[in-house]
Amino acid sequence: MALARSLGAVVSGVSGQLVQVEVDHSRGLPSVGLVGLPDASVIESKHRAKTAIVNSGLVWPKGRVTISLSPAELRKHGAGLDLAIAMGILGATGQISLELICDTVFVAELGLDGSLRSVPGALSCVIAAAQAGIHSVVVPFGNIAQCRIVPTARAAACSDLNHVIAYLRGESEPLELAPTTEPDSTELIDLSDVVGQEDARWALEVAAVGRHNFSMIGSPGVGKTLLAQRIAGILPPLTEKETLQATAIHAVASTQACVSPITRPPFEAPHHSASMAALVGSVHGHRVTPGALTRAHHGVLFLDEAPEFSRNALEALRQPLESGHIALSRSSWTGLLPARFQLILASNPCPCGNALTDTLKVCSCASLALRKYTMKVSGPLRDRIDINVLIPSIRGTSAGESSAVVRERVISARQLSAQRFADYPWSTNSEVPPASLRLDFHPEPGGAELLNSYVGHSGGLRGSHRVLRVAWSLADLAGNRRPTREDVALAIHLRNSEMAMAS
Ligand SMILES: [Zn+2]
């Protein structure tokens with residue numbers, strides 16, 4: 001047989017794309033041609049494949065070898081096509097039966113000794129294969145932990161080229177993962193570590209129920225960072241679909257190929273000096289590296305000392321907060337990166353940090369500096385924050401409930417909202433669009449009356465939508481069928497407590 005087809009996959013953005021590898025072997029002067037928009041790393045594949053085949057005791061064909069990668073218009077990058085190219089050559093030269101390779105996707109880099117090496121983004125490739133109805137995938141051992149989480153895929157880990165052939169022929173078993181007992185790092189930081197601050201802990205719990213964006217203002221040292229870091233521990237675990245998406249993103253973003261499945265909401269806390277590329281993502285050649293906003297997809301983005309971030313960085317949050325994605329446009333790659341996160345902001349009350357303290361320290365900030373500082377987080381961004389709280393100085397030494405106890409309450413409340421939204425395309429209170437909120441999710445008459453007066457007084461229509469979403473989270477926590485007058489009153493308090501200070 002002179003012509004063979006095998007299947008590989010590459011990563012574009014954070015998604016996988018299947019690539020068909022066609023290998024033609026014909027008589028002529030010895031040469032290897034590779035077509036189909038390969039970048040430098042794919043062009044080098046033919047050298048790795050040749051040496052790996054020879055060093056595995058297999059035969060590299062004499063004569064002319066032409067390798068075509070399709071779809072031809074898709075730019076291919078990375079070493080993940082090595083194995084698919086090698087299997088195509090082995091098929092074209094009759095060293096393996098074509099039936100054995102036609103319905104399997106091969107994703108691995110080849111070492112010169114024929115060993116299979118891990119590649120970044122292997123999970124995205126397995127997801128793409130499963131979506132295309134191809135369930136058999138061969139990956140390196142280092143990628144198998146993340147690839148096993150795709151429920152419809154049969155991902156098999158092999159050690160080298162000969163092992164792949166033996167596995168396809170049914171003569172050898174794939175490598176198996178040893179059970180691991182890695183400690184869960186989120187369990188190491190617990191909400192009970194936060195001393196005092198009952199109101200702020202309660203506001204954090206409400207934010208966790210509805211995935212509400214949350215802002216804290218308080219003097220340095222009152223525990224803002226401590227509180228924010230503990231939200232991941234009280235959020236419900238990710239669903240199967242969210243786990244797939246979050247793990248695929250982190251597998252592409254990581255410089256290490258071995259990323260464990262992410263089952264808890266990710267928590268990203270970029271420093272205020274982070275560049276725009278570090279926040280929204282960057283493109284090198286054709287490889288996209290997701291930024292902190294995308295890595296926080298299905299999780300939490302925490303901006304500590306929010307006014308210290310550049311204005312551009314803060315403005316970059318607006319698009320993902322509205323649409324759930326970032327439109328990245330560079331000369332070598334244009335596309336959308338997912339970025340649906342819960343935003344948590346922490347700010348000092350003023351540049352010197354003493355404006356709110358009840359100690360002997362006095363605020364020394366000039367009024368202009370104070371104004372510039374509070375205006376840094378602009379109106380449109382602040383408008384997207386559902387819950388604003390002032391964090392007072394620490395009083396008392398009592399430790400509160402543990403993360404596990406609070407998480408149980410959050411999960412129960414989330415179940416109520418999930419039942420309510422069973423027929424809608426969203427699952428949490430913060431996602432309900434305004435039109436649906438007005439039509440289908442109004443509060444009890446007492447709550448509606450209070451909400452109407454809030455619109456008339458200061459809140460505006462948009463503000464009232466945000467209040468109503470928080471009121472629904474409060475109702476879910478209390479087990480109320482609809483938000484009561486008290487729920488709406490508390491939601492107005494949660495939205496406005498910080499603004500009262502700022503004005
Ligand atoms: Zn000050």
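The values are calculated or read from the model by the stated rules, or taken from the named source; none is laboratory data. These numbers come from a predicted model, not from an experiment. So basically every Cβ, Gly included, is an ideal-geometry build from the backbone, and we count neighbours across all protein chains shown.
Some notes on this structure:
Listed here are the residues, each with its yes/no results for (1) modelled with pLDDT under 95; (2) away from the ligand (no atom under 16 Å from the Cβ).
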{"residue": "Ser275", "(1), (2)": "yes, yes"}
{"residue": "Ala278", "(1), (2)": "yes, yes"}
{"residue": "Ser282", "(1), (2)": "yes, yes"}
{"residue": "Ala296", "(1), (2)": "no, yes"}
{"residue": "Leu314", "(1), (2)": "yes, yes"}
{"residue": "Glu322", "(1), (2)": "yes, yes"}
{"residue": "Ser329", "(1), (2)": "yes, yes"}
{"residue": "Pro349", "(1), (2)": "yes, no"}
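- Listed here are the strands (runs of 3 or more DSSP E) enclosed by region 1-62 that have at least 1 residues being hydrophobic (A, V, I, L, M, F, W, C) and closer than 20 Å to Cys102 by Cβ: 3-12, 15-26.
- When region 121-141 is filtered for residues that are outside any helix (DSSP H, G or I), surrounded by fewer than 24 Cβ atoms within 10 Å (Cβ to Cβ) and in contact (Cβ under 8 Å) with a residue 24 or more places away in the chain, the ones remaining, listed by number, are Ala132, Ile134, Ser136.
- Flag if Thr359 is more than 10 Å from the ligand (Cβ to nearest atom), over 33 Å from the mean Cα position of the chain (by Cα) and at pLDDT below 85: yes
- All positions within region 269-292 that are buried (at least 21 other Cβ atoms within 10 Å of the Cβ), among the aliphatic types (A, V, I, L, M) and in contact with a strand residue (DSSP E or B) (Cβ under 6 Å, 6 or more places away or on another chain): Val280, Ala292
- Boolean, Leu390 is of a type in the set (A, V, I, L, M, F, W, C), in a strand (DSSP E or B) and either within 14 Å of the ligand (Cβ to nearest atom) or in contact (Cβ under 8 Å) with a residue 60 or more places away in the chain (or both): yes
- Taken as a whole, the structure leaves Ala296 outside the set of residues that are within 21 Å of the chain's Cα centre (by Cα) and surrounded by fewer than 21 Cβ atoms within 10 Å (Cβ to Cβ).
- Screening Ser219 with (1) under 21 Å from Leu100 (Cβ atoms); (2) at pLDDT below 90 gives one miss only, at (1).
- Entirely in region 396-497, the helices (runs of 4 or more DSSP H) that have 1 or more residues that are touching an Asp or Glu at 6+ places or on another chain (Cβ under 8 Å) and surrounded by 20 or more Cβ atoms within 10 Å (Cβ to Cβ): 403-420, 445-454, 460-478
- Counted residues, region 142-159 - those being under 21 Å from Ala246 (Cα atoms) and crowded, with 20+ Cβ neighbours inside 10 Å: 8
- Count - residues of region 130-153 that are touching a strand residue (DSSP E or B) at 6+ places or on another chain (Cβ under 7 Å) and over 16 Å from Leu18 (Cα atoms): 4
- Of all residues in region 366-387 being away from the ligand (no atom under 16 Å from the Cβ) and more than 24 Å from Asp487 (Cβ to Cβ), the one that is nearest to the chain's Cα centre (by Cα): Leu381
- Boolean, Ser347 is surrounded by fewer than 17 Cβ atoms within 10 Å (Cβ to Cβ), assigned by TED's automatic domain parsing to the domain that holds Glu242 and among the hydroxyl-bearing types (Ser, Thr, Tyr): no
- Residue pairs whose Cβ atoms lie under 6 Å apart, sitting 6 or more positions apart in sequence or on different chains, and linking a residue in region 300-311 that is free of Cβ contacts under 8 Å to residues at least 24 places away in the same chain and not assigned by TED's automatic domain parsing to the domain that holds Met375 to a partner that is aliphatic (A, V, I, L, M) and part of a loop (DSSP other than H, G, I, E, B), do not occur here.
- Taken over region 162-191, the criterion of being modelled with pLDDT under 85 and under 30 Å from Trp472 (Cβ atoms) is satisfied by Thr186, Glu187, Ile189.
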